[in-house]
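Data block below; observations after.
The values are calculated or read from the model by the stated rules, or taken from the named source; none is laboratory data. The model shown is predicted, which means the values in this text are computed figures rather than measured ones. Heads up, the Cβs are rebuilt from the backbone with ideal geometry, glycines too, and the neighbour counts pull from every protein chain shown.
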Amino acid sequence: MTAGVPLSVWDTGQQPSKVQRAGRYLPAAMAHPAKMLPAIAAQAIRSFTEPRDRVADPMCGIGTTLIEAVHLGRDAIGVEYEPRWARLAAAGVSHARAQGASGSADVFQGDARDLLTLVPREMHGTVALVLTSPPYGGSTHGAVTTSGGITKRDNRYSRDRANLGHRTLDELFTAFTQILAAAAALLRPGGTVAVTARPIRRYGVLSDLPGQVIDAGIHAGLEPAGRYVALICGLRDDHLITRASFFAMYETRRMRAAGLPACVTAHEDLLVFRKAAT
């Protein structure tokens, strides 16, 4: 690790996501329901890269990895399947540059499984860090509208059935293994891949998404190198302060009432892999 060994628990949830993004991100970006927490992206970039290094995100969404990278003086590459979010990622980078960010970034729209075709060949083998997250499904908790009753809004980042978020977990991780293998080809020797993931429930069944990411990384030819706890809750004295959504709290209470040992999510796993140095 070029910047020293990071702590195993990161206090990245001290501020809510909305506060972390205020002014730094375009207001339209808030409509994406599955954004990486900016503090997690920033700490990963500081921990595993140096200024002027190149960072890549093959599933970049609205560009959180890219925006934090350019603010930290790194250059970045982003690939995003959905045209709407790809445009917002590019606009977000321009916004960061206008605020004085010294890095630069390129955004390519397309399927991450075509990563090596989408990213120019001269960039292959130049990336210090690939930082990304798999999709958690076609719909998330989103935001709440209370006018005329409680309803969800901004809870879908895609209605395209070809989007990996709509695939079964087995299909998703076959594809994610392909994406990680392609990402490894973008890395320079000794480069790092970092993936954020958390357990998810689908149809009431809890799935070990972090464990599946580890398997995908190994099958992609990467070497597991670390596992960190990136908090998405706050810390106050000896208490955790939840940042869970309204619907996450509602579903947790409902499952507990039914006798299931459910909890709201307090952290994401940051799973770190290395490309062989030779």
- prompt: If you take the residues in region 222-250 that are aliphatic (A, V, I, L, M) and in a loop (DSSP other than H, G, I, E, B), which one is farthest from ALA44 (Cα to Cα)?
  reply: ALA244
query: Hey, GLY191 hits all of (1) buried (at least 16 other Cβ atoms within 10 Å of the Cβ); (2) more than 16 Å from the chain's Cα centre (by Cα); (3) not in a strand (DSSP E or B) but one; which does it fall short on?
result: (3)
query: Of the residues that make up region 260-276, is at least one in a helix (DSSP H, G or I) and without any contact (Cβ under 8 Å) to a residue 60 or more places away in the chain?
result: no
query: Got at least one residue in region 222-229 being surrounded by 16 or more Cβ atoms within 10 Å (Cβ to Cβ), touching a residue at least 60 places away in the same chain (Cβ under 8 Å) and more than 20 Å from the chain's Cα centre (by Cα)?
result: no
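Residue-by-condition table, conditions (1) at pLDDT below 95; (2) charged (D, E, K, R); (3) in contact with an Asp or Glu (Cβ under 7 Å, 6 or more places away or on another chain):
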| residue | (1), (2), (3) |
| --- | --- |
| LEU66 | no, no, yes |
| LEU72 | no, no, no |
| ILE77 | no, no, yes |
| TYR81 | yes, no, yes |
| ARG87 | no, yes, no |
| ALA90 | no, no, no |
| VAL93 | no, no, no |
| ALA98 | no, no, no |
| GLY103 | no, no, yes |
query: Inside region 1-16, can you point out the residues that are exposed (fewer than 12 other Cβ atoms within 10 Å of the Cβ) and either at pLDDT 95 or above or not aliphatic (A, V, I, L, M) (or both)?
result: GLY4, SER8
message: I need the full set of residues from region 97-127 which are surrounded by fewer than 22 Cβ atoms within 10 Å (Cβ to Cβ), among the small types (Gly, Ala, Ser) and within 20 Å of the chain's Cα centre (by Cα), in order please.
response: SER104, GLY110
query: If you take the residues in region 24-53 that are crowded, with 21+ Cβ neighbours inside 10 Å and over 23 Å from ASP269 (Cα atoms), which one is modelled with the lowest pLDDT?
result: ALA29
- prompt: So is LEU235 touching a residue at least 12 places away in the same chain (Cβ under 8 Å) and closer than 24 Å to VAL130 by Cα or not?
  reply: no
statement: Going through (1) on the phi > 0 side of the Ramachandran plot; (2) under 19 Å from the mean Cα position of the chain (by Cα); (3) modelled with pLDDT of 90 or more one by one, GLY137 fails only at (3)
query: Inside region 8-78, counting only helices (runs of 4 or more DSSP H) that do not spill past its ends, which hold 2 or more residues that are farther than 18 Å from SER245 by Cα and not charged (D, E, K, R)?
result: 38-48, 64-71
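Of all residues in region 238-268 being under 30 Å from LEU222 (Cα atoms) and either of a type in the set (S, T, N, Q) or touching a Gly at 6+ places or on another chain (Cβ under 9 Å) (or both), which is surrounded by the most Cβ atoms within 10 Å (Cβ to Cβ)?
Across region 238-268, the extreme among qualifying residues is HIS267.
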- prompt: Can we say VAL144 is of a type in the set (Val, Ile, Thr), at pLDDT 95 or above, out of contact with any Pro (no Cβ under 9 Å at 6 or more places or on another chain) and under 27 Å from LYS18 (Cβ atoms)?
  reply: no
message: Let me spell it out: the conditions are (1) modelled with pLDDT of 80 or more; (2) closer than 30 Å to ALA28 by Cβ, and GLN178 meets all of them except one. Which number is the exception?
response: (2)
